[in-house]
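So the structure is just underneath, and the comments pick up after that.
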Amino acid sequence: MSIINTYISREISKYFCMVLGMVVGIYLVVDFLEKIDDFLEAGLPLSKALVFLLYKVPFIVSQIIPVGILLAVLIVFGLMNKNNEILALKSSGISLYHMLKPVLLIGLLLSVLVFLLAEMIVPVTMGKANSIWLRQVRHEQAMTTREKNIWIKGDHLITHIRDYNPRSKTILGITLNHFDDKFRLSKRIDAREATFMAGRWLLKDAIVQRLQPQDGSYAVTFRAKQIQRLDFAPDDLERVAKKAEEMGFFELKDHITKTEAEGYDASRYRVDLHAKIAFPMVCILMCMMGTGIAIRGKNREGLPVSIAYGIGIAFLYWIAYSFCLSLGKSEVLPPIVAAWAANLIFLSVGGVILLNAE
């Protein structure tokens, strides 16, 4: 690596660590102030709140890394431009694309880091953080398994939910196990689907098994539709359903295979699956756009203007990315298009910015 590339890499790494530490610190302080009252009301010690925040750090870092590298690139090249270092390098015959090499290398390494965080660390830590929040702070009775199943314990009733679709407020695969005072299974209901309507759940294709006290056998009946009152609502299921960030890429892929093998639609999970690869690539895009914006900036505009441009682009990217994912989960766009559309759009924008800068 040349002296220039070493210098650029060192400066970007230094400012990236500073920005990342500052933003993560602010996020944790704000989150702590918002949730400390809930921990105190639940009778939990302060140390439990600190552990909860510690578990959230990997997820926060993975989300902030793209913005952190964008700001670091803008600061480094903005300062170099202000001190006429960019002008000196160009006068020496060094092109923009030569200066871009170490930046893109850093972006690639950060993309790999974001993917590894989301694959190996974030699913574990977010699962523990959500467990503390739901079970110890909110005292939810429901718990989730690694297979994204939901178990809910009620009064003489244990409910098992195979999967829940928050968009349509539909349960895909539900089993109700009713027990008597001696904890014998008195009735079991298996339904293919359940939809929430007017405060009640409508079970579809339900098989009802009732215990016959005379001989201990079970009478089986089939019902195409059945109204059932349950002690939980869609909002409760959304809080306890396992989120995509709690599953790694291969775990989510395995879940999609199982869901589709059982005859259920897994389109929204496929959007999250493609997003696990598409989102880390944003680090490279931010490096491209940050370099182009900072180098093309005029000295009279100053560093704050370049940073404002960069933050605006990051904000627009997040809006476009979230909007495309929403279209994919609503089945308006194919999953792979929904996950990669924002990246392709901003890749084109970054290319145009670099061409204009050169």
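Go ahead and run the numbers for FRET between LEU185 and ASP265, Cβ-Cβ distance against an R0 of 41 Å, rounding to 0.05. Calculated value: 0.85. Residues MET99, MET288, ordered by accessible area of protein heavy atoms at a 1.4 angstrom probe radius and largest first, appear as MET288, MET99.
Subtracting the Cα-Cα distance of ALA224 and VAL112 from 0.36 nm times their residue separation leaves 35.4 nm of extension gain. Residue order by solvent-accessible surface for ILE94, ILE227 is ILE227, ILE94, largest first, with ligands and nucleic acids left out and a 1.4 Å probe. Modelled this way, with points 7 Å down the Cα-to-C-beta line, the labels at ASP38 and ILE158 are 2.8 nm from one another.
The C-alpha radius of gyration of the chain, expressed as a fraction of 2.2 N^0.38 Å, stands at 1.27. Across region 1-114, Cα-Cα distances exceeding 21 Å account for 50% of all pairs. Multiplying the residue separation of ASP235 and VAL57 by 0.36 nm and removing their Cα-Cα distance gives an extension gain of 61.5 nm. Helix 302-329 versus the longest principal axis of the chain: what angle, 0 to 90°, nearest 10, using Cα atoms? Relative to the chain, helix 302-329 is tipped by roughly 30 degrees. Dividing the helix sum by the residues of the chain, where each DSSP H run of 4 or more adds -39500 (n - 2.57), gives a mean residue ellipticity at 222 nm of -20500 deg cm²/dmol. Each Lys and Arg adds +1 at its Cβ and each Asp and Glu adds -1 at its Cβ; summed about the Cα centre, the chain shows a dipole of about 200 debye.
Which of rounded, prolate or oblate describes region 274-347 when judged by the alpha-carbon gyration tensor and an a/c cut-off of 1.5? Prolate. For LYS253, the accessible surface of its heavy atoms amounts to roughly 100 Å² (probe 1.4 Å, protein chains only, rounded to the nearest 10). The angle between the Cα long axis of helix 3-41 and the main principal axis of the chain comes to about 30°, on a 0 to 90 degree scale. The residue among SER348, VAL29, LEU316 whose Cα reaches farthest toward the positive pole of the charge dipole of the chain, with charges on the beta-carbon of Lys, Arg, Asp and Glu, is SER348. Note on MET197 and LEU327: the extension gain reaches 44.4 nm, defined as 0.36 nm multiplied by sequence separation minus the Cα-Cα distance. Over 27 Å between Cα atoms: which of LYS153/LYS182; LYS169/LYS225; LYS153/LYS258; LYS56/LYS82 fall into that group? Exceeds cut-off: LYS56/LYS82. Ranked by the mean number of other Cβ atoms within 10 Å of their residues, highest first, the peptides 281-287, 179-185, 351-357, 67-73 come out as 67-73, 281-287, 351-357, 179-185.
The values are calculated or read from the model by the stated rules, or taken from the named source; none is laboratory data. The model shown is predicted, which means the values in this text are computed figures rather than measured ones. All Cβ positions, even for glycine, are placed from backbone atoms using ideal geometry, and neighbour counts span all protein chains on display. Ligands, DNA and RNA are excluded from the accessible area calculation, which covers all protein heavy atoms including side chains. Shrake-Rupley method; radii C 1.70, N 1.55, O 1.52, S 1.80 Å.
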